[in-house]
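Okay, so here's the structure we're looking at.
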Amino acid sequence: MDSRTGFPVVGMVGGGQLARMTHQAAVALGQSLAVLAAAPDDPAALVSPDVRIGPHTDLAALRAFAAHCDVLTFDHEHVPTGHLRALVAEGVTVHPGPDALVHAQDKLVMRTRLAGLGVPVPEFAAVTAVADAVKFGDEHGWPCVLKAARGGYDGRGVWLLADPEEAAERVAGLLDAGTPLLVERRVAMRRELAALVARSPFGQGACWPPVQTVQADGICVEVLAPAPGLSAEVAAQAQELALGVAAALDVVGVLAVELFDTEAGLLVNELAMRPHNSGHWTIEGARTSQFEQHLRAVLDYPLGATDVLAPAVVMANVLGAPAAPARSVDERLHHVLARFPDARVHLYGKRELPGRKIGHVTLLGERPDGLRDRARLAAHWLSHGEWLDGYDIH
């Protein structure tokens, strides 16, 4: 408990942009988020007054940080499961707990558990030898998708296997490197969706409307909320599926369920048990943001309303340009705010690297189409310092 404020201390492991935006939500609740950051220039470390520097892979650093906090939660899923089990055994409150979080850390564990629960997932198999991948492809069709069971994100750790020859070469190299693997059927999908929900230790649940996520090279570039053209029936199915997964896995906090929308119905692709890129639009676009909701959930406060505040909300990620822009980030921001005064810009204080998420832009309006053009233009200018061709920027 913070003796200055009388509020419990929430400790977030990881100092990235999710922790940075969670800190901003904590301020409105009268709290200061404690952050375990890897470096003093991590995005959250630049804004939070309560920062400890240490690696998330070091049990001693985690233990020392936990001693300062009433509850631990996460900016990412990469804390070793064994460390979290040790902390729980020592009486530390961890949300989500390690028995839940492992399903976001290990794709094979997640696929196996969800399939056992009857949750729709793509057909899959564990890969411990080249023969496993070749057999799967022969039985389920080529191409198929090979994934690293742990550690992959934003398109990393995913490979498309065209035929047995490519499978043999790719799988052998990854297994030799010690990478745990699984293989999945390549899904013929109409689009990708995400269902974002929250759950408290008391068991209260809340959900936002499902959104459409737009990917480029494996990285989310846009989020459209609510998902355009999604029927009320399918939207309810997505929400019920996500709430059911949260309850079955005993998730506490925000849960993002990434979904494939297919002709045969919804399939679960990924799980994230923390605030998620698909929920950044909620900062301006929903009654309660995902960041405030995550804090409410891990503290077992009553959850907030999730009403959408406009008929359409579009969030566009700002990705680092292939080459360093000629204009400074300050000049780029100046131009965007002048051109789009209704745009809400969030920059994360991160070093600009090609393809790296360095910020996002959110716009609210009546219809998604015009908003998408404006959001794309604003995000591209912020990353490249130049306007996209072929768009009306007025």
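Rule-based calculations on the coordinates, nothing more; no lab input. Keep in mind that what you see is a predicted model, and the values were worked out from it rather than measured. We place every Cβ from the backbone using ideal geometry, glycine too, and count neighbours over all the protein chains shown.
The count of lysine pairs in the chain whose Cα atoms are under 26 Å apart, excluding pairs fewer than 8 places apart on the same chain, comes to 5. Exposed loop sites were defined as chymotrypsin sites (Phe, Trp or Tyr not before Pro) in DSSP loop states (anything but H, G, I, E or B) carrying at most 14 other C-beta atoms within 10 Å; in the chain the longest segment without such a site runs 1-201.
Cβ-Cβ distance of residue 232 and residue 60, R₀ of 35 Å, FRET efficiency by 1/(1 + (r/R0)^6): the value works out to about 0.10. Here, P(r) means the percent of Cα pairs in each 10 Å bin from 0 to the largest distance; for the range 191-384 it is 9, 36, 34, 17, 4, 0.
Would you compute, from DSSP H runs of 4+ residues alone, the mean residue ellipticity of the chain at 222 nm, taking -39500 (n - 2.57) per run and dividing by the full residue count, rounded to the nearest 500?
Helix contribution divided over all residues of the chain: -10000 deg cm²/dmol.
Which translational diffusion coefficient, to the nearest whole µm²/s, is obtained for the range 132-267 from the Stokes-Einstein equation, given a Kirkwood hydrodynamic radius over C-alpha pairs, 10 °C and 1.306 mPa s? It diffuses with D of about 95 µm²/s by this estimate. With loop membership from DSSP and a limit of 12 other Cβ atoms within 10 Å, the longest segment of the chain without trypsin sites (Lys or Arg not before Pro) is 191-350.
Largest first and in whole Å, give the semi-axes of the range 10-94's equivalent ellipsoid, each being the square root of 5 times a Cα gyration tensor eigenvalue.
The three semi-axes for the range 10-94 are 20, 14, 10 Å.
Once both labels are positioned 7 Å from their Cα atoms along Cα-to-Cβ, the gap between residue 264 and residue 369 label points is 3.4 nm. Summarising the overall dimensions of the range 87-137 from its C-alpha atoms, the Rg and Dmax are 15.1, 46 angstrom.
The chain: longest stretch without exposed GluC sites (Glu not before Pro) (DSSP loop, at most 12 other Cβ within 10 Å), sites themselves excluded? Looking at the chain, 91-262 is the longest stretch - no exposed GluC sites (Glu not before Pro) with at most 12 other Cβ atoms within 10 Å. Pairs of Cα atoms nearer than 8 Å and 6+ residues apart set the relative contact order; for the chain it is 13 percent.
First obtain the Kirkwood hydrodynamic radius of the range 123-185 from its Cα pairs, then insert it into the Stokes-Einstein equation at 25 °C and 0.890 mPa s, and state the resulting D in µm² per second as a whole number. It diffuses with D of about 219 µm²/s by this estimate.
Taking the Cα atoms of the chain, the ratio Rg/Rh between the radius of gyration and the Kirkwood radius comes to 0.96.
Placing dummy labels 7 Å off each Cα toward the beta-carbon, the span from residue 386 to residue 163 is 3.9 nm. Mean separation of Cα pairs under 8 Å and 6 or more residues apart, divided by the residue count, gives the range 308-394 a relative contact order of 43 percent.
As a length-normalised measure over Cα pairs under 8 Å and 6 or more apart, the relative contact order of the range 10-94 settles at 32 percent.
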